[in-house]
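To keep things clear, I will list the structure first and then write my remarks on it.
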Amino acid sequence: MNKFFTRLQGALHERRIIRAIVWFVTIGVMLYLAAVFWSGWQSTVEAFSALGLQTLVISAVLSSSSYLWRFGRWEYSLHCLDNVVPRFTHLGIYMSGLALTATPGKSGETFRSALLVPHGVKVTHSLATFLVDRGSDVLGMILLGMLAAMMAGQSLAWVWLLAFAAILLGSCVFAYALSHPMVSTGWNRLGRAVTWLPIKGGQATLEAWAQVWKPTRVSAFSVVAMVAYGTQALVFAWFCQILGTGISSADCVLIFVQATLFGAASMIPAGLGVMEAALVFQLVAHGVSDGTAMSLAISIRLVTLWFGMSLGALSLLLLSGRDLSSKQSPTRTR
């Protein structure tokens with residue numbers, strides 16, 4: 001596993017690899033916009049005009065503030081595993097991972113591990129932090145859904161609380177069980193039986209995850225995720241108000257949460273198409289026209305997913321450029 005990420009880390013210093021990632025993001029945005037305009041360009045243009053460029057820019061900045069909350073959680077998780085990376089460099093590495101958000105379960109973001117290897121961070125530790133990230137994101141979205149359901153006056157708001165408690169309790173029990181001697185024996189037997197898989201690496205990753213995954217800490221991480229994704233949900237509610245949908249802010253937040261969870265559960269890269277369909281379906285059910293619903297789904301995805309991926313590609317470009325220049329500087333002095 002370490003050898004793979006070491007090779008990947010070397011590849012990320014090559015300009016052609018960086019250019020390929022940048023082109024991946026650029027082409028993705030272009031194809032997305034092309035599909036948008038093909039499916040109903042007139043209503044989409046009308047909706048974009050109603051929102052205005054200024055609104056889209058402000059909303060993109062507001063949505064991007066969620067990455068700072070998530071970075072703080074990421075940095076603290078690595079700190080719990082005794083890893084310290086210079087903050088601004090670490091922020092650049094974290095943001096670079098966003099370039100490959102459009103992968104199943106955001107698994108492409110794990111290439112941060114390759115960028116963290118030169119800073120002394122074990123691959124198993126960065127992968128464990130990624131698992132903490134994804135797990136607390138799910139719990140945070142459930143908390144946000146519960147809060148929105150309560151504010152919307154839904155009678156089944158308790159289901160969200162029950163789901164949060166069940167996942168938190170179940171995952172914490174699993175984390176505690178990983179420290180049991182019988183589990184270690186099971187890992188050894190599995191390693192001998194399945195030699196073609198990196199069982200030791202998987203064991204080390206899960207044990208590192210269990211070291212961070214403590215009830216009070218995870219609860220705090222979930223609140224951070226709720227605030228981060230809540231910012232994006234409120235931006236969506238703002239769009240809905242501007243276009244005069246007549247849907248309350250609480251219902252808008254709930255629509256956003258349900259669509260996000262549905263997109264994540266599909267395991268389709270970034271929930272592309274699935275999250276949009278879930279947003280449109282719920283908006284239409286609330287009496288919004290098809291064209292307006294489609295435009296709202298597209299707008300929120302542009303200022304969240306695609307703008308975030310663009311920031312990630314830019315961060316990777318800047319980070320690799322700095323590393324390449326530092327590598328070339330000794331040659332110049334000779």
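Within a Cβ distance under 13 Å of residue 85, other residues only, what is the Lys/Arg minus Asp/Glu net charge? Display every interim value, and only then the final one.
Values: positive: 87, 112, 122; negative: 75, 82.
Net of charged neighbours comes to +1.
At 4 °C and a viscosity of 1.567 mPa s, what translational diffusion coefficient does Stokes-Einstein give for the stretch 261-322, taking Rh as the Kirkwood radius over Cα pairs? Give it in µm²/s as a whole number. Before the final figure, lay out each step's value.
Numbers: Rh = 13.0 Å.
Rounded, D is 100 µm²/s.
Convex hull volume per residue, computed on the Cα atoms of the stretch 143-282, equals 134 Å³.
Every number here is computed from the coordinates shown, using simple stated rules; none is lab data. Since the model is a prediction, treat every value here as computed from it, not as a measurement. Don't worry about glycine lacking a Cβ; one is built from the backbone with ideal geometry, like all the others, and counts go over all protein chains shown.
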